[in-house]
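The values are calculated or read from the model by the stated rules, or taken from the named source; none is laboratory data. What you see is a predicted model; the values in this text were computed from it and never measured. Don't worry about glycine lacking a Cβ; one is built from the backbone with ideal geometry, like all the others, and counts go over all protein chains shown. Only protein heavy atoms, including side chains, enter the accessible area calculation; ligands, DNA and RNA are left aside. Shrake-Rupley method; radii C 1.70, N 1.55, O 1.52, S 1.80 Å.
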Amino acid sequence: MQKFYKATLCLAYQSFGVVYGDLSSSPLYVYKSTFSGRLRLHEEDDEILGVLSLVFWTLTLIPLCKYIIFVLGADDNGEGGLIPAGGTFALYSLLCRRAKLGLLSASDASDDDISTYNSGLPRKETVASSILKEFFDKYHSSRIVLLLLVLLGTSMVIGDGILTPSMSVLSAVNGIRIKAPSLHENYTLFIAGVILVGLFALQHFGTRSVGYLFAPILLAWLLCISIIGVYNTIYWNPHVVSALSPYYVYNFFKKAGKDGWSSLGGIVLCITGAEAMFADLGHFSQLSIRIAFTVIVYPCLVLAYMGEAAYLSKHKEDLQKSFYKAIP
């Protein structure tokens with residue numbers, strides 16, 4: 001038992017360097033992106049607290065409730081998918097083998113039996129699953145729609161995997177221009193490009209090496225932004241804690257109207273990389289990922305967003321550089 005807990009904690013530590021990089025670097029650009037459109041016309045305390053409330057509930061409902069509680073339990077014999085888009089295919093594979101919802105109705109029964117044997121769990125068919133199965137059996141076109149949805153979801157995750165590293169690294173490197181405003185943008189683009197090439201080159205050494213290399217860096221990052229968040233909340237505006245109430249979400253849309261709805265594209269950036277918790281399940285374990293997120297990542301991110309909102313409530317002119325300006 002002691003070896004099990006030791007191995008789980010070791011995996012949880014390694015997961016910081018592999019799973020949570022995108023999710024933990026989101027504070028660099030969430031507020032800036034959210035207020036980059038028409039929402040800039042609503043830079044008041046109610047809107048800032050509303051955005052904080054939206055970020056908090058997005059982090060709570062999707063990574064914490066959806067992924068940690070439910071999605072991680074829907075693994076395919078311990079695999080979530082060894083590629084970023086693999087999670088979508090893992091779920092589709094389960095549907096094809098267990099419920100026979102694939103386009104090829106004559107599925108390989110031996111594969112299905114092996115999968116069931118390896119899982120060690122008996123298959124239970126609920127009323128809801130029976131109704132769904134009957135529907136897919138009756139309407140063959142629905143299976144085509146299901147496959148298209150899988151391909152769409154996979155394409156979106158691949159797109160996220162391409163855009164997020166670029167956005168994260170470029171946003172981080174742009175912080176240099178806060179202290180060196182004369183630095184030309186071309187230099188920041190070049191530095192970001194070199195870093196990205198280096199990061200992708202490191203993948204050659206495998207998950208274990210990358211995990212051990214980046215885990216202390218990410219833990220230091222999370223610790224720093226959470227401490228800064230606590231400092232800014234206490235120093236600038238302790239009242240932002242009340243934004244954890246969902247009332248501020250309602251008040252935000254009431255005040256911002258259509259401009260508030262159009263800003264949701266910026267809000268969703270706070271969960272970029274959350275899908276890695278399922279996609280990288282094959283490298284780690286359910287328990288290790290759950291421990292790392294709930295104990296360290298989630299509270300640190302909430303404190304970081306809270307502190308930045310507290311600073312913004314008193315320095316609305318720094319909105320486009322709020323992450324760096326908020327560092328004391």
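Number of residues in the stretch 293-308 that are open to solvent by 10 Å² or more (accessible area, probe 1.4 Å) and within 11 Å of V19 (Cβ to Cβ): the value is 0. The listed residues are L219, L202, and the only one of them that is in a helix (DSSP H, G or I) and without any contact (Cβ under 8 Å) to a residue 60 or more places away in the chain turns out to be L202. Here no helices (runs of 4 or more DSSP H) wholly within the stretch 1-45 include at least 2 residues being in contact with a strand residue (DSSP E or B) (Cβ under 7 Å, 6 or more places away or on another chain), open to solvent by less than 40 Å² (accessible area, probe 1.4 Å) and small (G, A, S).
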